[in-house]
Amino acid sequence: MLELRHISYLVTEAGAEQTILKDVSLSIPDGRLVVFTGPNGGGKTTLARIIMGLVTPTEGQIVYNGRDITGLSITERARLGISYGFQQPPRFKGITVRDLLTVASGDDRLTKERCCRYLTQVGLCANDYLDREVDASLSGGEVKRIEIATLLARGSELMIFDEPEAGIDLWSFARLTETFEELHRTHRATMVIISHQERIIRLADEIIVVSGGELRYRGGADEVFPKIMADTLGSCPVLTRKEAANQ
Amino acid sequence: MITQVDQALLEKIADLVGKPVGALNIRKDGGCEARTSTEHIKIDARTDGNEGIDVRILDGTKGEKCYIPVVISKSGYAELVYNDFYVGENCDVEIVAGCGIHNAGCDEARHDGVHTFHVGKNSRVRYAEKHYGEGSGDGTNIMNPQTIVYLSEGASIQMETVQIRGIDSTKRVTRIVCGKNAEALITERLLTHGWQLAESDMEIVLDGEDSKGRVISRSVAQDESRQIFRPVVIGNNRCFGHVQCDSIIMGSAKIESVPAITANSTEAQLIHEAAIGKIAGDQLLKLQTLGLTEEEAEDRILKGFLA
């Protein structure tokens, strides 16, 4: 169980204080698949990064499996079973896909078969990729899929994915949603996925709309989806044809 | 006599464990500790009055190795050695050089080596050169290797130079002249720390039609160390040349990288790339999310970069 208690995050820019997250509290029971969605700049990524320890909140407490982890480092959280898939994963000169999966798995003797399994789950062929360096020679979509494979190799109890669909082609995306679905069905992980994709949103047990640094709505897909649509279109007279017609 | 310390050095610089198969010359503190020629590879002392050896590889020699490591174990010892290699035509051989210094004293230990290769038509040479220094004393370890290579038509050399820690000062000079259809590849790996200084001048001259030259240099400068790189490719004909220098800078180190390409022919196609930067923050963060500490993450990044 992951609990966020009264999390706030403020930054000071050019002398002015700006609130990124405002008193956010939520709990995610084990085995759940939760999707954070909402407009750009609403605070989704900051919230996810706070869970991993990549960002330190100004106020509030993070409790994981009953333990206060607010003061723990990224490494300590990783070792407790939290992992994070970056929206824009870094590239490494000289580190191969196999090296990265080996580090992720924590097993120095990680077999080719296991690497193959993780890569297949993200739609990549081990023969083509295992010995390639994770450097600028790979496309954005390839690096992104390798990033997701590192989380699968890590096998953490809590997996956080920041826009896993970004830059991935339609066919690989279909394979990826199957992988998320299977992880969820077999209760192998609790998942927090930041996404704007309807197919991923439809997989969720709960959708949380993060907007303006707050949790705007929470609920199942059928309940939340219409609200997202109304919110997105609602303020724009051109997008809402009715209002546009009235003008 | 080869001591246990020497044996450990030989393993580090030339992967030598026990007696290898192939031609061999072990030089220690100016003396010859071991010398073995084979049917196809002849090693002899020079006859021109200079220190060093002549290595003659007969035409058509394939799949053979030649080891010529140098060990210095005396503090205060300095030498200048000339080794010449005459590789015949249609050969495919591997030459493993390297120098290890164990300096337990407080004086300077120094090895200056000049290696000259004459590579015959259509021959392939893989040349590995590792430099390593250690020792409990305050004495400095200095190595100044010079490598000059002449590639005949269709010949190639893959030169790999590695210097990871332990050498306080190095000035290396590499010059390769490529004939028609010849190909030169230099890969350099360098890590300096403390107050070490490393200077590397490289020049590939693409004289022959359709010759190719490539320099791939990766270095890490830590602490207060300084590195200066001057890789140069000169295209005098229809040719292809590529210089790629990447450096990671850490602590209070300083790196100067001055790649240069010169075209003396409209058919020369030359590229250079050079980058210096610290380890990217997001690389460290990514590896930390995989359970490594910040120090472990840094080590892993450097290990991969210099692999």
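The values are calculated or read from the model by the stated rules, or taken from the named source; none is laboratory data. The shown structure was predicted, so the numbers you read here are calculated from the model rather than taken from an experiment. Cβ coordinates were reconstructed from backbone atoms using ideal geometry, including for glycine residues, and neighbour counts include every protein chain displayed.
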Q. Of all residues in segment B:131-151 being touching a residue at least 40 places away in the same chain (Cβ under 8 Å) and not aliphatic (A, V, I, L, M), which is farthest from B:Glu224 (Cα to Cα)?
A. B:Pro145
Q | Residue check for B:Phe240: away from chain A (no Cβ under 14 Å) and either buried (at least 16 other Cβ atoms within 10 Å of the Cβ) or over 28 Å from B:Gln222 (Cα atoms) (or both) | A | yes
Q. Got at least one residue in segment A:203-214 being closer than 23 Å to A:Leu124 by Cβ, buried (at least 17 other Cβ atoms within 10 Å of the Cβ) and modelled with pLDDT of 90 or more?
A. yes
Q | Selection within segment B:250-307 - free of Cβ contacts under 8 Å to residues at least 60 places away in the same chain, closer than 18 Å to A:Pro90 by Cα and among the hydrophobic types (A, V, I, L, M, F, W, C) | A | B:Ala275, B:Ile276, B:Ile279, B:Ala280, B:Leu284, B:Leu285, B:Leu287, B:Leu290, B:Leu292, B:Ala297, B:Ile301
Q.
Given the criterion at pLDDT below 95, aliphatic (A, V, I, L, M) and within 22 Å of B:Lys12 (Cα to Cα), identify the matching residue among B:Val93, B:Val70.
A. B:Val70
Q | Residue ID - farthest from A:Pro39 (Cα to Cα), chosen from residues in segment A:215-247 that are modelled with pLDDT under 65 and of a type in the set (Lys, Arg) | A | A:Lys242
Q. Residues in segment B:247-299 that are more than 14 Å from chain A (Cβ to nearest Cβ) and either of a type in the set (Phe, Trp, Tyr) or closer than 22 Å to B:Ile216 by Cα (or both): how many?
A. 18
Q | Scan of segment A:60-108 for residues that are in a strand (DSSP E or B), more than 26 Å from A:Ala166 (Cβ to Cβ) and touching a residue at least 60 places away in the same chain (Cβ under 8 Å), ordered by number | A | A:Val63, A:Tyr64
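Residue by residue, here is whether (1) in a loop (DSSP other than H, G, I, E, B); (2) closer than 30 Å to A:Gly53 by Cα; (3) at pLDDT below 95; (4) not hydroxyl-bearing (Ser, Thr, Tyr) holds:
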| position | (1), (2), (3), (4) |
| --- | --- |
| B:Gly213 | no, no, no, yes |
| B:Val233 | no, no, no, yes |
| B:His242 | no, no, no, yes |
| B:Leu285 | no, yes, no, yes |
| B:Lys303 | no, yes, yes, yes |
| B:Ala307 | yes, no, yes, yes |
Q. Within segment B:149-170, is even one residue surrounded by fewer than 20 Cβ atoms within 10 Å (Cβ to Cβ), in contact with a Ser or Thr (Cβ under 8 Å, 6 or more places away or on another chain) and closer than 19 Å to B:Thr262 by Cβ?
A. no
Q: Those residues that are of a type in the set (Lys, Arg) and out of contact with any Gly (no Cβ under 6 Å at 6 or more places or on another chain), I need them from segment B:164-197; list them, please.
A: B:Arg165, B:Lys171, B:Arg172, B:Arg175, B:Arg189
Q: Working only within segment B:73-90, note down all residues that are outside any strand (DSSP E or B), of a type outside the set (Phe, Trp, Tyr) and modelled with pLDDT under 90.
A: B:Ser73, B:Lys74, B:Ser75, B:Gly76
**Q.** Tally, over segment A:148-190, of residues that are of a type in the set (A, V, I, L, M) and part of a strand (DSSP E or B)
**A.** 3
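Touching a helix residue (DSSP H, G or I) at 6+ places or on another chain (Cβ under 9 Å), more than 14 Å from every other protein chain (Cβ to nearest Cβ) and either over 15 Å from A:Leu176 (Cβ atoms) or surrounded by 15 or more Cβ atoms within 10 Å (Cβ to Cβ) (or both), is that true of A:Gly123?
Working: touching a helix residue (DSSP H, G or I) at 6+ places or on another chain (Cβ under 9 Å): yes; more than 14 Å from every other protein chain (Cβ to nearest Cβ): yes; either over 15 Å from A:Leu176 (Cβ atoms) or surrounded by 15 or more Cβ atoms within 10 Å (Cβ to Cβ) (or both): yes.
Taking the combined requirement at face value, the residue satisfies it.
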Q) Looking only at residues in segment A:166-202 that are farther than 21 Å from A:Tyr118 by Cα, touching a strand residue (DSSP E or B) at 6+ places or on another chain (Cβ under 8 Å) and not β-branched (Val, Ile, Thr), which one is modelled with the highest pLDDT? A) A:Ser195
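Residue-by-condition table, conditions (1) of a type in the set (Phe, Trp, Tyr); (2) modelled with pLDDT under 95; (3) touching a helix residue (DSSP H, G or I) at 6+ places or on another chain (Cβ under 7 Å):
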{"site": "A:Leu4", "(1), (2), (3)": "no, no, no"}
{"site": "A:Ser8", "(1), (2), (3)": "no, no, no"}
{"site": "A:Ala16", "(1), (2), (3)": "no, yes, no"}
{"site": "A:Val35", "(1), (2), (3)": "no, no, yes"}
